[in-house]
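Here, each number is a calculation from the coordinates, and none is a lab measurement. Keep in mind that what you see is a predicted model, and the values were worked out from it rather than measured. Counting neighbours? That spans all protein chains shown, and the Cβs are built from the backbone with ideal geometry, glycine included.
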Amino acid sequence: MRKYMAEHVVPAGRIRRKQPVREVPEITHSVREKAGQTLTGWRFNLLGVLFILAGVMIIIQLFRLQFSPERSEFVLQGEQYSRTLHIFYPPRGDIYDRWGRLLAGSTLVYEVGAQVDNVDNPDSIAFALSKVLTSHPEYDYAGYSDDIFAVIHEAQISGTAYVQLADFVTPEELTQLQDWARNYANLPNVDYGEAGRPSLDGLVYRPRLQRYYPENELAANVLGFVNREGNGMFGVESEFNDLLAGAPQSVWMTLDPYQVTEIPQLEAGADIVLTIDREIQAAAEDVLNKGLEDSGADGGVVLVMDPNTGEMLAIASTPRLDPNEYWNYASVFTDNTPYNRAISQDYEPGSVFKVLTMAAALDNGAVTPDTEYVDTGSIQIGGITIHNWDWGAWGPQTMQGCLSHSLNVCLTWVATQLGAGPFYQYMQSFGFGRTTGIDLAGEASGRLKIPGDTDWYEAELGTNSFGQGVAVTPVQMVMAISSIANGKGEMMMPHVMRSMVRDGFQYTPTPQVVGKPISAETARHLTDLLANSLEGESSDALVEGYRVAGKTGTAEIATPKGYTGEATNASFVGWGPVDNPRFLVYVWLEKPTSSPWGSVVAAPVFRDMVERLVVLMDIPPDGVLQGLVNH
Amino acid sequence: MIGVILLFLVCAAIIAGIYLNVTARAAAAGRQIQEMQVRVYGYHYLTGDAGETYVPIEELEQKIANLASQLAYLTSYSIMQERVKDLNLIPIEADHIDYMVVPGYVERQTSSLAPPPVPVVVNASTIDPEFKQSLFDWVADQVGKTVKLFSEAQP
């Protein structure tokens, strides 16, 4: 009902009235407003059109650039700013002694230059460098400061970004420059006049490695050095330069951090482990220095070799250069003195050569140890007369006597018994007249005249038999005598590289037998002969407790006026212990003044060397060793 | 309609934000790697390298070589001889040495400088993929890992 009523009854007072039409007042604009609105719309439209046009132009330009002739130029410019060329210099390989002690490594030095745009005061830079780098001969001159100023000034004019001002600056010198820079930076802000405020702004540096020899002069003749250009000179540095240096590699490093690439695997320089024993090398150099001092000799060599392998344990030669100061080369090696006499200087060895003559004759069967020769004091050969060193006649002598007394006449006779052909064949088998192949740069080949050569005469057979008229190097002598010293007749190639470390692997070549000029039996017989000779002569070369074999040598030096007894080459070659040879020592003293004889000046050097060797190599005395073996 | 547009804009803004975040981190990491590799612009300033965080690998190798040489100098023959003198030691002579038999004694061996053998991995990258992959690579990678995780979790 209510519903019904609700539909049909309208309560009083709530009569729905028709709502009056609400008239929206017409918005009226003034003429001015209408004109402004039109203008604004027009401006917006214009702006929009301009933006669209600009966008279209940009897009058209982008397309045009893709196909324009300048495209490659723009690409090139873009690449220049997106990457930088970096040259990687792998560190030069290190050189170690046989026990892994560093003999040649690397140290930090600095290249100093100027970033020209950042330079405030070129005068200050020039002044600071000229005061700090005084220890560099190349920078220590009166006009250096002016030159630096001129270089920077020219760079500023030409728009060069960077100029190098100095190289090989040491860490100490760099610290000094840094101190100068800090001091300048802390100066008060006052008027400095025309000179301007002192400043080292713009001076920059870059570290790099330089060769360094921590042992200084020790083994310098073996190592050689690396020059300013980074090239190995002399010795191991030169011989293995390609191996040690590694290959510099230029790499474009991207500046885009999203395109980082890995550093390329650089072909680093190989490390080399030498056969040299630092302690033995130091002992050899000590002993040689003392020998030179005692004898007054001009120069000398002490070589220590393992005759079983050919490994050179020490090569001492004079003079020696500190390879860290290689620029002193010319003042150290005067008068064409070779860098390493042991391999580069040939000389007439004298009576040490008799060992080889006797080896050849014994091996050939021309003589036996018991063969007797009656020494009359002279012998004729090829039209000349050979005399003994003392011009005396020694009467009946066995081969041991000939060696013990070092009789020229007897050895000449032995050579004639052998004959020229076999004699020179043996000498060539011993390696004379050609290089040994030792792995050191600058080896000389010496000279062995043989029948058939235009300058060979029959008399040469006699003089050669006792080591005159033949030119050999000390390293040739040790190679030849290694065949006797090792008791096997095998001639070992002398070498200084024991192994090479490359790419994480260590390569160790096996010792090389160059040849077998004599039999093992000959080697043992001759060693006995020589050991007995030393004992019989109570030689200065004898070492208490150890049986050693050896031979002295004294050779006259040829001059333009002929041979003279006033200047000699004094030598000694020896090895031991005879029962189990561990070392072969060769001593050569050039022009000793205290005495011309090898037995007087060279034999004691050998003894001193061996006395230190047996300690360094842990070689017990023969008696002790025998006792230990029996134990 | 407006709601759809706004939803689209919000999604686009979120994706753009994530993208910017990831790319900014990738760029920062890339720059760090570059600084660790080489000194890109080559030089040090004399008054110090302000803001230098890393020493590049190249310069670290140079410093290691330098330190090895310094160590070699400190143990060089001449320096050791000076120390021997300072300690009043004298070289032993052959006749003062007592030798004895030591069972099992191994003679001193010459130097072996090669590093111990390690597994050789050919062409292995040392840069993590996070520093090289794009956002989409990263998303695909994450999705793949998640799928793998769930598939492994199933019995």
Using only Cα atoms, tell me the angle between helix A:144-158 and the longest principal axis of chain A; keep it within 0 to 90° and round to the nearest 10. 40 degrees
What aspartates and glutamates does B:LYS145 reach when the alpha-carbon gap must be under 13 Å and sequence neighbours fewer than 8 apart in one chain are set aside? B:ASP137
Using just the helices of the protein assembly as shown, give the 222 nm mean residue ellipticity in deg cm²/dmol: DSSP H runs with n ≥ 4 each add -39,500 (n - 2.57), and the total is spread over all residues, rounded to 500. -13000 deg cm²/dmol
Going through the range A:256-317, which GluC sites (Glu not before Pro) have at most 16 other Cβ atoms within 10 Å and a DSSP loop state? A:GLU262, A:GLU267
In degrees, nearest ten, helix A:408-418 long axis to first principal axis of chain A (Cα): 80 degrees
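Other chains near A:613-625: what is the mean number of their Cβ atoms within 10 Å of each residue's Cβ?
3
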Gain on full stretching of the segment that runs from A:THR261 to A:ILE58 - 0.36 nm per residue minus C-alpha separation: 69.7 nm
Dipole of the protein assembly as shown (Lys/Arg Cβ +1, Asp/Glu Cβ -1, origin at the Cα centre): which of A:ALA602, B:MET36, A:ALA549 lies farthest to the positive side? B:MET36
Inter-site label distance for A:TYR329 and A:ALA161 at 7 Å from Cα along Cβ, in nm: 3.6 nm
What angle, in degrees between 0 and 90 and rounded to the nearest 10, separates the Cα long axis of helix A:278-295 from the longest principal axis of the Cα atoms of chain A? 50 degrees
Hits among lysines - C-alpha to C-alpha of A:LYS516 under 16 Å, sequence gap 8 or more where chains match: A:LYS488
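Can you give the % of DSSP beta bridges in the protein assembly as shown that are antiparallel, to the nearest 5?
95 percent
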Extreme residue, positive dipole direction of the protein assembly as shown, given options A:LEU108, A:LEU292, A:TYR426 (C-beta unit charges): A:LEU108
Highest mean first, what order results for A:420-433, A:43-56 on Cβ atoms within 10 Å? A:420-433, A:43-56
Apply the a/c threshold of 1.5 to the C-alpha gyration tensor of the range A:171-309 and tell me whether it is rounded, prolate or oblate. oblate
When we measure straight from the Cα of A:LYS591, which lysines land under 19 angstrom away, once same-chain ones fewer than 8 places off are left out? A:LYS290, A:LYS551, A:LYS561
Here, A:VAL629 and A:GLU194, labelled 7 Å along Cα→Cβ, have an inter-label distance in nm of 9.2 nm
What nm distance separates the two modelled labels at B:GLU93 and A:SER595, each placed 7 Å from Cα along Cα→Cβ? 2.1 nm
Rank-order B:132-145, A:149-162, A:453-466, B:90-103 by packing density, defined as the average count of other C-beta atoms within 10 Å over each peptide's residues, highest first. A:453-466, A:149-162, B:132-145, B:90-103
Which shape class applies to the range A:278-630: rounded if a/c is under 1.5, otherwise prolate when a/b exceeds b/c and oblate if not, where a ≥ b ≥ c are the square roots of the Cα gyration tensor eigenvalues? rounded
Quick check: from the Cα gyration tensor, does the range A:147-220 come out rounded (a/c under 1.5), prolate or oblate? oblate
Cysteines not pairable in the protein assembly as shown (beta carbon separation under 4.7 Å absent): B:CYS11
Dividing the mean separation of Cα pairs under 8 Å (6+ apart) by the residue count of chain A yields a relative contact order in percent of 13 percent
Charge dipole (the protein assembly as shown, unit charges on Cβ, about Cα centre) - positive-most of A:SER482, B:VAL147, A:THR337: B:VAL147
Quick one: order A:GLU217, B:GLU58 by neighbouring beta-carbon count within 10 Å, fewest to most. A:GLU217, B:GLU58
